[in-house]
1. Find all pairs meeting these conditions: Cβ atoms under 7 angstrom apart; at least six residues apart or on different chains; first residue within segment 39-59 and within 20 Å of residue 75 (Cα to Cα); second residue modelled with pLDDT of 75 or more and in a loop (DSSP other than H, G, I, E, B).
2. Give 64, 75 a once-over and let me know the one that is surrounded by 11 or more Cβ atoms within 10 Å (Cβ to Cβ), within 24 Å of residue 30 (Cα to Cα) and at pLDDT 80 or above.
Amino acid sequence: MQKQIEKLIKKSHDKIIRMKGKEYSPTALEIQNEINKSLTAVEWLVKEVNSDCLNSSFIRPELIKKAKAMEKEQIINADLNATIRTAKGVNADVSVTRVMELAEQYYTKTYNK
């Protein structure tokens, strides 16, 4: 487990360095944010459960697919609700279609999906 964590930290560190330059020294928070972007909660759970079992398909693929779809919907809805509350707070007139687009963009940007 420790080696997996170290590998994930190095991968995130290297990605930040590629984006910002060789001389840049990423902070721990930047590395953590990069790690968080790469895995959703469902993906993390599947990775952990499957890595502890000899059978890599311990969680049935159809259940994983369903859980990921549900999680994506929850994340998008949370961002959607936050955007709507923010827009109302500043009396902005934002169309539902545009808010949905922004929520989808948030999910895609955050989770690279």
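1. 46/59
2. On the way: 64 fails: within 24 Å of residue 30 (Cα to Cα).
Within the list 64, 75, the selection yields 75.
The values are calculated or read from the model by the stated rules, or taken from the named source; none is laboratory data. Computed from a prediction, not measured in an experiment: that's the story for all the values here. With ideal geometry, Cβ positions are generated from the backbone for all residues, glycine too; neighbour counts draw on all protein chains shown.
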